[in-house]
1. Residues Gln102, Gln54: which one is outside any loop (DSSP other than H, G, I, E, B), at pLDDT 90 or above and either open to solvent by less than 60 Å² (accessible area, probe 1.4 Å) or over 30 Å from Ser242 (Cα atoms) (or both)?
2. I'm trying to understand the selection: among the residues of segment 364-421, which are hydroxyl-bearing (Ser, Thr, Tyr) and in contact with a strand residue (DSSP E or B) (Cβ under 8 Å, 6 or more places away or on another chain)?
3. If I filter segment 162-208 down to residues being outside any helix (DSSP H, G or I) and either out of contact with any strand residue (DSSP E or B) (no Cβ under 9 Å at 6 or more places or on another chain) or charged (D, E, K, R) (or both), which single residue comes out as modelled with the lowest pLDDT?
4. (1) open to solvent by 40 Å² or more (accessible area, probe 1.4 Å); (2) under 23 Å from Gly319 (Cβ atoms): which one isn't true of Phe417, the others all being true?
5. Name the residue that is nearest to Ala430 (Cα to Cα), counting only residues in segment 325-346 that are touching a strand residue (DSSP E or B) at 6+ places or on another chain (Cβ under 8 Å) and open to solvent by 40 Å² or more (accessible area, probe 1.4 Å).
6. What are the residues in segment 68-83 that are surrounded by fewer than 23 Cβ atoms within 10 Å (Cβ to Cβ) and part of a loop (DSSP other than H, G, I, E, B), if any?
Amino acid sequence: MQGHSRSIGMRLLALTVMVSLSLPPWALARVQPSSGFDTNKQLPVLPDSDPIVQYVQQLGAKLVAHAPGQKWPYNFHVVNQKEINAFALPGGPIYINMGTIQVAENESELAGVMAHEMSHVIQRHATRAATKQMEAQVPLAILGGFLGRGIGGQLAALGIQFGVGSYFLKQAEKEADLLGTDIMYDTGFDPQAMPRFFEIIKQKYPSSSPQFLSDHPDPGNRIEYVSSEIKTLPPKQFVQTSPQFAQAKQRALGMKPLTAQQIAQQQKQTPGAGSGSGSIAPSSNFRQLQHNAFTISYPDNWQAAGDASSAVTIAPQAGVSQDAIAYGVIINGFQPESANSLDSATHELIAQLRQGNPDLRQVGSDQDIKVNGVSAKSVDMVGASPIKDQQGKAERERDWLVTLPMSDRQHVLYAVFIAPDKDFGQMRPAFENMLRSLHVK
């Protein structure tokens, strides 16, 4: 299997950061599970006691009552973010940005967005995307924002992004539209409000919804195929709005949600800025990760994510910004196409990484090193960090790539140690300790 992903974040993270591990069958991992990256901590999610959240949860409950298929444990949240967006996570969590509530003109439009996101969960588009991704053998592109835009837009800081190409995304959008149409119809809402709202966002609010439009690519003829689906259903009187929606929207319009840039600045942390879940500074205490292909030790206040079909990402919770790993380590496998030496395999890997990260460039020459007696290659690279400065420009990122041959001599194990350039010196001792603990099996 060829490892892959796109831009994490995403978005984002988030993160559990699961990408396919390109290792031979005997090298599949059994990584100790972690709690991953908590969306509710990484994003400004309003508390359940907030009246707007309570309204959204009540509306969600109505839709859930008519959701077909497996009874997922849906739960609904409101993110205090200005940009228009909504996203669903595998298994049932659904997040609605405050900006979406502010611009919705009636309850049916908001219900349409929620039914659409529920449909992504019902049809398991995240899992199916992962399958498509493995089949497609898409090259991994991890540096400078490797997570991409996240499922539904922000998987922000959670990190499960499947870069499977526009065809699958548009197909998934159409499926979510059609199933969402049935859910809205059965709940009593006008299904036409869903594609109509998507068009309104596209036409009236393009600058406020780039992530929404990117995460929900237009499959084409949305209104037409939704109309065709409605014609197959018995005529029915629909609810357009409600006093509860009017009250919630009025309250939402009185809010001052944060912009994506403001959220990114809040997520930004610097080494040594404290302890606990928000700290990036690596602990001096290490724990060991047992992988079928390798072992490595890492700071015990960081988290490891991955499973038997994934790469391994080790990062602090606060090391995620703009859906991407800003601080941390990614370990993966790579099978070169034609390389017959570690040197040529390393440069083939760098070439593939640069395909997805054109700003990435090598600094200085390769170095021959030893990792626990095994010959390895060390390469320093720089690129664009997902962290932005006060002017909104990407900070300079340093990426330290280390490659080692695997025992089958057909695959290369590589680790990428990532941090903003200005902080890399502070992070290097922890990175070097991790490398010294790395043993290929």
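1. Gln102
2. Ser375, Ser378, Ser385, Thr403, Ser407, Tyr414
3. For segment 162-208, the residue satisfying everything is Val164.
4. (1)
5. Per the stated criteria, the residue is Asp343.
6. Pro68, Gly69, Gln70, Lys71, Trp72, Pro73, Tyr74, Asn80, Lys82
Residue-wise test of (1) touching an Asp or Glu at 6+ places or on another chain (Cβ under 8 Å); (2) within 10 Å of Val329 (Cβ to Cβ).
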position: Glu395; (1), (2): yes, no
position: Asp399; (1), (2): yes, no
position: Pro405; (1), (2): no, no
position: Arg409; (1), (2): no, no
position: Leu413; (1), (2): no, no
position: Phe417; (1), (2): yes, yes
position: Asp421; (1), (2): yes, no
position: Pro429; (1), (2): no, no
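The values are calculated or read from the model by the stated rules, or taken from the named source; none is laboratory data. None of the values given here were measured: they were computed from a predicted structure. Heads up, the Cβs are rebuilt from the backbone with ideal geometry, glycines too, and the neighbour counts pull from every protein chain shown. Accessible surface is based on the protein model in full, side chains and every heavy atom, while ligands, DNA and RNA are left aside. Shrake-Rupley method; radii C 1.70, N 1.55, O 1.52, S 1.80 Å.
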